[in-house]
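Below: one structure, written as C-alpha coordinates.
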Amino acid sequence: MKKKVYFKTFGCRTNLYDSQVMMSSLQEYEITENEEEADAIVINSCTVTNGADTHVRSYINHIKSDAKIFLTGCGAHTKGESLLAEKKVHGVFGQSEKQKIDFMLTQEQPFYDPGDLNHIDEMIVDDFVGKSRAFIKIQEGCNFRCSYCIIPFVRGDARSMDEEKILEQISKLALNGFGEFILTGTNVGSYGHGRGTSIARLMKRMSQIRGVRRIRLGSVEPIQITDEFKEILDESWLERHLHIALQHTSPTMLKLMNRRNVYKQDRELFEFLAQKGFAIGTDFITGHPGESEEIWKEAIQNAQALPLTHIHPFSYSKRDGTPSATMKPEVNGRIAKERLHEIESLVKAKNIAFRKASQAPLEVLVESQKEGLYHGLDQHFNKIVLESNEDLLGNWLSIDNYEVREEYNYAKV
(Lines give C-alpha, C1' and ligand atoms only; values in the text may rest on other atoms or scores of the structure.)
Protein backbone atom coordinates (compact mmCIF):
# COMPACT_ATOMS: atom_id res chain seq x y z
CA MET A 1 0.00 0.00 0.00
CA LYS A 2 1.31 3.44 -0.95
CA LYS A 3 2.00 6.00 1.73
CA LYS A 4 -0.24 9.07 1.74
CA VAL A 5 0.69 12.73 1.35
CA TYR A 6 -1.38 15.81 2.19
CA PHE A 7 -0.77 19.17 0.51
CA LYS A 8 -1.43 22.48 2.29
CA THR A 9 -1.15 25.52 0.01
CA PHE A 10 -0.81 29.10 1.18
CA GLY A 11 -0.73 32.31 -0.85
CA CYS A 12 -1.20 33.04 -4.51
CA ARG A 13 -2.44 31.28 -7.63
CA THR A 14 1.15 30.51 -8.59
CA ASN A 15 1.41 28.38 -5.47
CA LEU A 16 -1.84 26.61 -6.38
CA TYR A 17 -0.27 25.72 -9.71
CA ASP A 18 2.99 24.61 -8.12
CA SER A 19 1.06 22.33 -5.75
CA GLN A 20 -0.70 20.81 -8.75
CA VAL A 21 2.68 20.16 -10.40
CA MET A 22 3.78 18.28 -7.29
CA MET A 23 0.55 16.27 -7.21
CA SER A 24 0.90 15.41 -10.89
CA SER A 25 4.54 14.35 -10.39
CA LEU A 26 3.83 11.86 -7.60
CA GLN A 27 4.53 8.20 -8.34
CA GLU A 28 5.28 6.60 -4.98
CA TYR A 29 2.70 8.36 -2.84
CA GLU A 30 -1.09 8.61 -2.85
CA ILE A 31 -2.74 12.03 -2.36
CA THR A 32 -5.10 12.39 0.58
CA GLU A 33 -7.40 15.28 1.46
CA ASN A 34 -7.45 14.16 5.09
CA GLU A 35 -4.48 15.62 6.95
CA GLU A 36 -4.84 13.20 9.87
CA GLU A 37 -4.22 10.09 7.77
CA ALA A 38 -1.16 11.48 5.95
CA ASP A 39 2.32 9.98 6.29
CA ALA A 40 3.78 13.19 4.87
CA ILE A 41 2.55 16.79 4.78
CA VAL A 42 3.85 19.20 2.14
CA ILE A 43 3.39 22.88 2.96
CA ASN A 44 3.59 25.18 -0.05
CA SER A 45 4.28 28.46 1.74
CA CYS A 46 3.92 32.19 1.14
CA THR A 47 6.24 34.87 2.52
CA VAL A 48 4.87 38.08 1.00
CA THR A 49 4.11 39.50 4.48
CA ASN A 50 4.96 38.76 8.11
CA GLY A 51 1.37 37.62 8.43
CA ALA A 52 1.93 35.00 5.74
CA ASP A 53 4.96 33.65 7.63
CA THR A 54 2.93 33.61 10.84
CA HIS A 55 0.09 31.62 9.22
CA VAL A 56 2.56 28.98 8.02
CA ARG A 57 4.27 28.68 11.41
CA SER A 58 0.92 28.53 13.20
CA TYR A 59 -0.25 25.76 10.89
CA ILE A 60 2.92 23.76 11.54
CA ASN A 61 2.52 24.20 15.30
CA HIS A 62 -1.04 22.90 15.17
CA ILE A 63 -0.31 19.70 13.23
CA LYS A 64 -1.20 16.83 15.57
CA SER A 65 -0.17 13.82 13.50
CA ASP A 66 3.23 12.11 13.36
CA ALA A 67 3.57 12.82 9.65
CA LYS A 68 6.88 14.09 8.28
CA ILE A 69 6.54 17.77 7.42
CA PHE A 70 8.12 19.31 4.31
CA LEU A 71 8.29 23.00 3.47
CA THR A 72 8.45 24.46 -0.03
CA GLY A 73 7.29 27.68 -1.74
CA CYS A 74 8.57 31.21 -1.14
CA GLY A 75 8.89 30.72 2.62
CA ALA A 76 11.47 28.00 2.00
CA HIS A 77 13.98 30.73 1.13
CA THR A 78 13.21 33.06 4.04
CA LYS A 79 12.16 30.80 6.92
CA GLY A 80 13.18 27.32 5.83
CA GLU A 81 16.57 27.15 7.55
CA SER A 82 15.23 28.42 10.87
CA LEU A 83 12.27 26.00 10.83
CA LEU A 84 14.64 23.14 10.01
CA ALA A 85 17.01 24.15 12.83
CA GLU A 86 14.07 24.21 15.24
CA LYS A 87 13.11 20.72 14.03
CA LYS A 88 9.68 22.01 13.02
CA VAL A 89 10.08 20.42 9.57
CA HIS A 90 11.88 17.37 8.23
CA GLY A 91 12.87 18.86 4.88
CA VAL A 92 12.93 22.12 2.96
CA PHE A 93 13.07 22.43 -0.84
CA GLY A 94 12.75 25.26 -3.36
CA GLN A 95 10.17 25.61 -6.14
CA SER A 96 12.58 24.28 -8.77
CA GLU A 97 12.67 20.88 -7.04
CA LYS A 98 8.92 20.24 -7.03
CA GLN A 99 8.99 17.67 -9.86
CA LYS A 100 11.39 15.62 -7.70
CA ILE A 101 8.69 15.36 -5.05
CA ASP A 102 8.98 11.57 -4.70
CA PHE A 103 12.71 11.83 -4.05
CA MET A 104 12.19 14.65 -1.52
CA LEU A 105 9.57 12.71 0.43
CA THR A 106 11.74 9.60 0.73
CA GLN A 107 14.73 11.39 2.31
CA GLU A 108 15.49 9.80 5.67
CA GLN A 109 17.74 12.58 6.94
CA PRO A 110 16.61 16.19 7.47
CA PHE A 111 17.63 18.39 4.53
CA TYR A 112 17.64 21.90 3.06
CA ASP A 113 17.66 22.20 -0.74
CA PRO A 114 16.83 25.77 -1.89
CA GLY A 115 17.05 24.82 -5.57
CA ASP A 116 17.64 27.10 -8.54
CA LEU A 117 16.08 30.57 -8.97
CA ASN A 118 16.63 30.38 -12.75
CA HIS A 119 14.47 27.28 -13.15
CA ILE A 120 11.61 27.22 -15.69
CA ASP A 121 8.83 24.64 -15.44
CA GLU A 122 8.60 22.09 -18.24
CA MET A 123 5.78 20.07 -16.71
CA ILE A 124 2.51 19.60 -18.60
CA VAL A 125 -0.40 19.54 -16.12
CA ASP A 126 -3.56 18.00 -17.57
CA ASP A 127 -5.85 18.00 -14.53
CA PHE A 128 -6.54 19.99 -11.36
CA VAL A 129 -7.62 18.06 -8.28
CA GLY A 130 -10.86 19.46 -6.86
CA LYS A 131 -10.99 22.48 -9.21
CA SER A 132 -13.44 23.56 -11.92
CA ARG A 133 -11.06 26.23 -13.26
CA ALA A 134 -7.53 25.58 -14.50
CA PHE A 135 -4.57 27.64 -13.28
CA ILE A 136 -1.86 28.03 -15.89
CA LYS A 137 1.55 29.25 -14.79
CA ILE A 138 3.06 31.12 -17.72
CA GLN A 139 6.06 32.82 -16.15
CA GLU A 140 8.19 32.99 -13.03
CA GLY A 141 10.06 35.78 -11.26
CA CYS A 142 10.06 39.57 -11.56
CA ASN A 143 12.46 42.21 -12.89
CA PHE A 144 10.80 45.03 -10.98
CA ARG A 145 12.44 46.07 -7.74
CA CYS A 146 9.71 47.72 -5.70
CA SER A 147 11.30 48.91 -2.47
CA TYR A 148 9.02 46.87 -0.15
CA CYS A 149 9.00 43.55 -2.00
CA ILE A 150 10.91 40.37 -1.13
CA ILE A 151 9.45 38.26 -3.95
CA PRO A 152 12.18 38.82 -6.63
CA PHE A 153 14.68 37.51 -4.08
CA VAL A 154 12.76 34.27 -3.53
CA ARG A 155 11.37 33.76 -7.06
CA GLY A 156 14.25 35.19 -9.13
CA ASP A 157 14.22 37.38 -12.24
CA ALA A 158 11.42 37.21 -14.80
CA ARG A 159 11.48 34.31 -17.23
CA SER A 160 8.69 32.95 -19.42
CA MET A 161 7.51 29.41 -20.08
CA ASP A 162 7.63 28.08 -23.62
CA GLU A 163 4.53 29.22 -25.51
CA GLU A 164 3.99 25.93 -27.32
CA LYS A 165 4.13 23.99 -24.04
CA ILE A 166 1.56 26.35 -22.50
CA LEU A 167 -0.77 25.83 -25.47
CA GLU A 168 -0.27 22.07 -25.33
CA GLN A 169 -1.23 22.10 -21.66
CA ILE A 170 -4.36 24.18 -22.33
CA SER A 171 -5.39 21.85 -25.17
CA LYS A 172 -5.18 18.83 -22.85
CA LEU A 173 -7.06 20.58 -20.07
CA ALA A 174 -9.79 21.70 -22.51
CA LEU A 175 -10.18 18.09 -23.66
CA ASN A 176 -10.58 17.15 -19.99
CA GLY A 177 -13.54 19.51 -19.68
CA PHE A 178 -11.96 22.72 -18.37
CA GLY A 179 -13.39 25.86 -19.98
CA GLU A 180 -11.98 28.64 -17.82
CA PHE A 181 -8.26 29.32 -17.61
CA ILE A 182 -6.50 31.62 -15.17
CA LEU A 183 -3.04 32.76 -16.25
CA THR A 184 -0.74 33.11 -13.29
CA GLY A 185 2.86 33.89 -12.42
CA THR A 186 4.94 36.28 -10.36
CA ASN A 187 4.58 39.12 -12.88
CA VAL A 188 2.15 37.82 -15.49
CA GLY A 189 2.18 40.92 -17.70
CA SER A 190 5.89 40.51 -18.37
CA TYR A 191 5.21 37.25 -20.24
CA GLY A 192 7.15 36.90 -23.47
CA HIS A 193 9.73 39.61 -22.75
CA GLY A 194 12.89 38.64 -24.60
CA ARG A 195 11.14 35.74 -26.36
CA GLY A 196 9.48 37.60 -29.21
CA THR A 197 5.96 37.20 -27.87
CA SER A 198 3.62 38.84 -25.36
CA ILE A 199 0.74 38.19 -22.98
CA ALA A 200 -1.75 39.51 -25.56
CA ARG A 201 -0.42 37.23 -28.31
CA LEU A 202 -0.52 34.23 -25.96
CA MET A 203 -4.15 34.89 -25.04
CA LYS A 204 -5.14 35.28 -28.71
CA ARG A 205 -3.62 31.88 -29.47
CA MET A 206 -5.28 30.33 -26.40
CA SER A 207 -8.67 31.61 -27.51
CA GLN A 208 -8.38 29.61 -30.74
CA ILE A 209 -8.22 26.30 -28.85
CA ARG A 210 -11.51 24.44 -28.90
CA GLY A 211 -13.18 24.39 -25.49
CA VAL A 212 -11.64 27.61 -24.16
CA ARG A 213 -14.58 29.76 -23.00
CA ARG A 214 -13.05 32.31 -20.66
CA ILE A 215 -9.52 33.53 -19.97
CA ARG A 216 -8.76 35.26 -16.70
CA LEU A 217 -5.56 37.08 -15.99
CA GLY A 218 -3.57 37.42 -12.79
CA SER A 219 -2.33 40.79 -11.61
CA VAL A 220 -0.74 43.00 -14.28
CA GLU A 221 1.03 46.35 -14.08
CA PRO A 222 -0.51 49.50 -15.63
CA ILE A 223 2.40 49.81 -18.08
CA GLN A 224 1.64 46.28 -19.32
CA ILE A 225 -1.74 47.31 -20.74
CA THR A 226 -0.14 48.11 -24.09
CA ASP A 227 -1.75 49.07 -27.39
CA GLU A 228 -1.49 45.40 -28.41
CA PHE A 229 -3.31 44.42 -25.20
CA LYS A 230 -6.03 47.00 -25.82
CA GLU A 231 -6.78 45.29 -29.14
CA ILE A 232 -8.17 42.23 -27.30
CA LEU A 233 -10.37 44.11 -24.81
CA ASP A 234 -13.56 43.55 -26.84
CA GLU A 235 -13.02 39.81 -27.28
CA SER A 236 -15.83 37.69 -25.79
CA TRP A 237 -13.42 35.18 -24.24
CA LEU A 238 -11.62 37.77 -22.11
CA GLU A 239 -12.87 38.16 -18.54
CA ARG A 240 -14.59 41.49 -17.98
CA HIS A 241 -12.41 42.06 -14.95
CA LEU A 242 -8.78 43.14 -14.83
CA HIS A 243 -6.62 43.23 -11.74
CA ILE A 244 -4.11 46.04 -12.23
CA ALA A 245 -1.60 46.54 -9.42
CA LEU A 246 -1.26 50.15 -8.29
CA GLN A 247 -0.08 49.62 -4.67
CA HIS A 248 -0.83 53.28 -3.90
CA THR A 249 -2.48 56.39 -5.35
CA SER A 250 -0.21 59.12 -3.93
CA PRO A 251 2.54 60.20 -6.39
CA THR A 252 4.87 60.80 -3.44
CA MET A 253 4.34 57.32 -2.07
CA LEU A 254 4.70 55.69 -5.49
CA LYS A 255 8.18 57.22 -5.75
CA LEU A 256 9.12 56.01 -2.26
CA MET A 257 7.93 52.54 -3.23
CA ASN A 258 10.04 52.65 -6.42
CA ARG A 259 6.93 51.94 -8.48
CA ARG A 260 6.75 52.38 -12.25
CA ASN A 261 3.17 53.64 -12.41
CA VAL A 262 2.02 57.27 -12.33
CA TYR A 263 -1.34 58.15 -10.77
CA LYS A 264 -2.49 60.52 -13.55
CA GLN A 265 -1.87 57.84 -16.18
CA ASP A 266 -3.41 55.16 -13.94
CA ARG A 267 -6.62 57.19 -13.70
CA GLU A 268 -6.80 57.68 -17.47
CA LEU A 269 -6.30 53.93 -18.01
CA PHE A 270 -8.91 52.94 -15.44
CA GLU A 271 -11.48 55.35 -16.86
CA PHE A 272 -10.84 53.94 -20.36
CA LEU A 273 -11.38 50.36 -19.11
CA ALA A 274 -14.48 51.31 -17.11
CA GLN A 275 -16.03 52.84 -20.21
CA LYS A 276 -15.59 49.45 -21.86
CA GLY A 277 -17.52 47.79 -19.04
CA PHE A 278 -14.64 46.26 -17.11
CA ALA A 279 -14.64 45.67 -13.39
CA ILE A 280 -11.24 46.74 -12.10
CA GLY A 281 -9.34 45.44 -9.11
CA THR A 282 -6.04 46.50 -7.59
CA ASP A 283 -3.52 45.84 -4.83
CA PHE A 284 -2.94 48.53 -2.23
CA ILE A 285 -0.44 48.86 0.64
CA THR A 286 -1.24 51.03 3.65
CA GLY A 287 1.23 52.12 6.32
CA HIS A 288 4.40 52.03 4.22
CA PRO A 289 7.16 54.12 5.89
CA GLY A 290 6.68 57.78 5.04
CA GLU A 291 2.90 57.56 4.62
CA SER A 292 1.98 60.73 6.53
CA GLU A 293 -1.58 61.78 7.31
CA GLU A 294 -1.35 64.34 4.50
CA ILE A 295 -0.21 61.70 2.00
CA TRP A 296 -2.98 59.35 3.14
CA LYS A 297 -5.66 62.00 2.66
CA GLU A 298 -4.37 62.59 -0.87
CA ALA A 299 -4.32 58.83 -1.54
CA ILE A 300 -7.88 58.21 -0.37
CA GLN A 301 -9.11 61.20 -2.38
CA ASN A 302 -7.37 59.85 -5.48
CA ALA A 303 -8.75 56.36 -4.85
CA GLN A 304 -12.24 57.84 -4.62
CA ALA A 305 -11.82 59.18 -8.15
CA LEU A 306 -10.92 55.76 -9.58
CA PRO A 307 -13.60 53.38 -10.97
CA LEU A 308 -12.46 50.51 -8.75
CA THR A 309 -14.63 47.46 -8.02
CA HIS A 310 -12.25 45.10 -6.21
CA ILE A 311 -9.27 45.58 -3.92
CA HIS A 312 -6.64 43.37 -2.32
CA PRO A 313 -5.26 45.59 0.47
CA PHE A 314 -2.27 44.89 2.71
CA SER A 315 -0.96 46.78 5.69
CA TYR A 316 2.80 47.23 5.20
CA SER A 317 4.96 44.37 6.40
CA LYS A 318 8.69 44.90 6.85
CA ARG A 319 10.79 42.42 4.90
CA ASP A 320 14.45 42.27 5.93
CA GLY A 321 16.85 43.04 3.08
CA THR A 322 14.46 45.34 1.20
CA PRO A 323 15.03 49.13 0.89
CA SER A 324 11.75 49.89 2.67
CA ALA A 325 12.92 48.03 5.78
CA THR A 326 15.27 50.90 6.67
CA MET A 327 12.97 53.78 5.69
CA LYS A 328 11.68 56.30 8.23
CA PRO A 329 9.36 57.41 9.68
CA GLU A 330 7.52 54.18 10.32
CA VAL A 331 3.73 54.17 10.52
CA ASN A 332 1.99 52.81 13.60
CA GLY A 333 0.45 49.41 12.87
CA ARG A 334 -2.93 50.43 14.28
CA ILE A 335 -3.04 53.43 11.92
CA ALA A 336 -2.05 51.21 8.98
CA LYS A 337 -4.96 48.86 9.79
CA GLU A 338 -7.40 51.77 10.08
CA ARG A 339 -6.32 53.02 6.66
CA LEU A 340 -6.66 49.51 5.22
CA HIS A 341 -10.25 49.28 6.48
CA GLU A 342 -11.00 52.76 5.12
CA ILE A 343 -9.95 51.95 1.56
CA GLU A 344 -11.55 48.50 1.81
CA SER A 345 -14.89 50.10 2.75
CA LEU A 346 -14.56 52.63 -0.05
CA VAL A 347 -14.06 49.97 -2.72
CA LYS A 348 -16.74 47.71 -1.24
CA ALA A 349 -19.27 50.52 -1.73
CA LYS A 350 -18.01 51.02 -5.29
CA ASN A 351 -18.44 47.29 -5.96
CA ILE A 352 -22.06 47.30 -4.78
CA ALA A 353 -22.77 50.35 -6.95
CA PHE A 354 -21.15 48.62 -9.94
CA ARG A 355 -23.28 45.51 -9.50
CA LYS A 356 -26.46 47.54 -9.12
CA ALA A 357 -25.69 49.55 -12.25
CA SER A 358 -24.78 46.51 -14.38
CA GLN A 359 -27.34 45.55 -17.02
CA ALA A 360 -25.54 42.59 -18.57
CA PRO A 361 -26.55 38.98 -17.87
CA LEU A 362 -24.12 37.26 -15.51
CA GLU A 363 -22.05 34.56 -17.19
CA VAL A 364 -21.29 32.15 -14.36
CA LEU A 365 -19.19 29.04 -13.91
CA VAL A 366 -20.61 27.15 -10.91
CA GLU A 367 -17.60 26.07 -8.87
CA SER A 368 -18.77 24.69 -5.53
CA GLN A 369 -21.72 23.69 -3.36
CA LYS A 370 -22.00 24.67 0.31
CA GLU A 371 -24.93 23.98 2.61
CA GLY A 372 -27.30 23.33 -0.28
CA LEU A 373 -26.36 26.47 -2.23
CA TYR A 374 -24.16 26.75 -5.32
CA HIS A 375 -21.33 29.27 -5.59
CA GLY A 376 -19.55 30.72 -8.60
CA LEU A 377 -17.94 33.79 -10.13
CA ASP A 378 -19.33 35.89 -12.94
CA GLN A 379 -17.43 37.57 -15.78
CA HIS A 380 -16.75 40.57 -13.51
CA PHE A 381 -15.14 38.39 -10.82
CA ASN A 382 -18.08 38.95 -8.48
CA LYS A 383 -19.44 36.15 -6.33
CA ILE A 384 -22.88 34.73 -7.00
CA VAL A 385 -24.86 32.34 -4.80
CA LEU A 386 -27.47 30.18 -6.53
CA GLU A 387 -30.43 28.26 -5.16
CA SER A 388 -31.57 25.33 -7.29
CA ASN A 389 -33.10 21.87 -7.09
CA GLU A 390 -30.88 20.78 -9.98
CA ASP A 391 -27.22 19.75 -9.80
CA LEU A 392 -25.43 22.83 -11.16
CA LEU A 393 -21.84 21.95 -10.22
CA GLY A 394 -19.44 22.63 -13.09
CA ASN A 395 -22.15 24.16 -15.30
CA TRP A 396 -21.98 27.44 -17.22
CA LEU A 397 -25.08 29.57 -16.71
CA SER A 398 -26.36 32.90 -17.99
CA ILE A 399 -28.28 34.65 -15.19
CA ASP A 400 -30.64 37.52 -16.08
CA ASN A 401 -32.65 37.87 -12.88
CA TYR A 402 -30.72 38.20 -9.67
CA GLU A 403 -30.65 40.13 -6.42
CA VAL A 404 -27.72 42.36 -5.48
CA ARG A 405 -26.75 41.68 -1.89
CA GLU A 406 -23.96 43.25 0.17
CA GLU A 407 -21.31 40.55 -0.36
CA TYR A 408 -22.59 38.81 -3.50
CA ASN A 409 -25.36 38.46 -6.07
CA TYR A 410 -28.13 35.93 -5.42
CA ALA A 411 -30.45 34.07 -7.78
CA LYS A 412 -32.89 31.19 -7.89
CA VAL A 413 -32.41 28.94 -10.91
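Annotations for the structure displayed:
- For the stretch 98-112, a residue qualifies if it is surrounded by 14 or more Cβ atoms within 10 Å (Cβ to Cβ) and either at positive phi or more than 30 Å from the chain's Cα centre (by Cα) (or both), and exactly one does: Q107.
- Test: residue in the stretch 205-221 that is surrounded by fewer than 21 Cβ atoms within 10 Å (Cβ to Cβ), free of Cβ contacts under 8 Å to residues at least 12 places away in the same chain and outside any helix (DSSP H, G or I): yes
- Entirely in the stretch 301-413, the strands (runs of 3 or more DSSP E) that have 3 or more residues that are among the charged types (D, E, K, R): 362-370
- Here V331, V385 are screened, and the one residue that is among the hydrophobic types (A, V, I, L, M, F, W, C) and within 23 Å of the chain's Cα centre (by Cα) is V385.
- Residue within the stretch 259-276 that is at pLDDT 95 or above and farther than 29 Å from A349 by Cβ present: no
- So A325, is it of a type in the set (A, V, I, L, M), assigned by TED's automatic domain parsing to the domain that holds L306 and more than 28 Å from Q304 (Cβ to Cβ): yes
- You will find that of H380, H375, the residue that is buried (at least 17 other Cβ atoms within 10 Å of the Cβ), free of Cβ contacts under 8 Å to residues at least 12 places away in the same chain and not assigned by TED's automatic domain parsing to the domain that holds H243 is H375 and no other.
- Residue in the stretch 16-39 that is nearest to K137 (Cα to Cα), counting only those that are crowded, with 22+ Cβ neighbours inside 10 Å and of a type outside the set (S, T, Y): D18
- Of all residues in the stretch 89-110, exactly one satisfies the criterion of being among the polar types (S, T, N, Q) and touching a His at 6+ places or on another chain (Cβ under 6 Å), namely S96.
- Scanning the stretch 166-177 for residues that are under 14 Å from G394 (Cα atoms) and either among the acidic types (D, E) or at pLDDT 90 or above (or both) turns up just one, A174.
- Which numbered condition F135 fails, given (1) modelled with pLDDT of 90 or more; (2) in a strand (DSSP E or B); (3) over 26 Å from E81 (Cβ atoms); (4) not β-branched (V, I, T): (1)
- M161 surrounded by 16 or more Cβ atoms within 10 Å (Cβ to Cβ), aliphatic (A, V, I, L, M) and farther than 18 Å from I120 by Cβ: no
- Residue match in the stretch 111-119 (condition: part of a loop (DSSP other than H, G, I, E, B), more than 30 Å from I223 (Cα to Cα) and at pLDDT below 90): yes
- Within the stretch 183-192, being surrounded by 22 or more Cβ atoms within 10 Å (Cβ to Cβ), of a type outside the set (F, W, Y) and outside any strand (DSSP E or B) holds for G185, T186, N187, V188, G189, S190.
- Selection status of R195, surrounded by fewer than 16 Cβ atoms within 10 Å (Cβ to Cβ), part of a loop (DSSP other than H, G, I, E, B) and assigned by TED's automatic domain parsing to the domain that holds L167: yes
- Among residues of the stretch 295-316 that are free of Cβ contacts under 8 Å to residues at least 60 places away in the same chain and farther than 20 Å from K255 by Cα, those with a beta-carbon under 7 Å from a residue that is in a helix (DSSP H, G or I) and of a type in the set (A, V, I, L, M, F, W, C) at least six positions away or on a different chain give the pairs Q304/L346; P307/F270; P307/A274; L308/V347; I311/I343; I311/V347.
- Residue check for F284: assigned to a strand (DSSP E or B), surrounded by 14 or more Cβ atoms within 10 Å (Cβ to Cβ), modelled with pLDDT of 95 or more and assigned by TED's automatic domain parsing to the domain that holds I223: yes
- Among residues of the stretch 157-192, those that are within 26 Å of L246 (Cβ to Cβ) and either β-branched (V, I, T) or not assigned by TED's automatic domain parsing to the domain that holds F229 (or both), counted: 4
- If you filter the stretch 62-96 down to residues that are within 17 Å of Q109 (Cα to Cα) and of a type in the set (V, I, T), you find that the one that is surrounded by the most Cβ atoms within 10 Å (Cβ to Cβ) is T72.
- For the stretch 348-364, a residue qualifies if it is aliphatic (A, V, I, L, M), in contact (Cβ under 8 Å) with a residue 40 or more places away in the chain and either surrounded by fewer than 21 Cβ atoms within 10 Å (Cβ to Cβ) or more than 19 Å from W237 (Cβ to Cβ) (or both), and the qualifying residues are I352, A360.
- The criterion of being assigned by TED's automatic domain parsing to the domain that holds M257, touching a residue at least 24 places away in the same chain (Cβ under 8 Å) and either within 23 Å of T322 (Cα to Cα) or in contact with a Lys or Arg (Cβ under 8 Å, 6 or more places away or on another chain) (or both) holds for N143.
- Figure legend. Inter-residue proximity from the stretch 34-45: first residues under 14 Å from Q107 (Cα atoms), second residues hydroxyl-bearing (S, T, Y), beta-carbon distance below 8 Å, spacing 6+ or different chains. Indicated pairs: D39/Y29; A40/Y6; A40/Y29; I41/Y6; I41/S65; V42/Y6; V42/S19; V42/T72.
The values are calculated or read from the model by the stated rules, or taken from the named source; none is laboratory data. Note that the structure is a prediction, hence the values are computed from the model and not measured. Methodologically, a virtual Cβ is constructed for each residue, glycine included, from the backbone with ideal geometry; neighbour enumeration extends over all protein chains shown.
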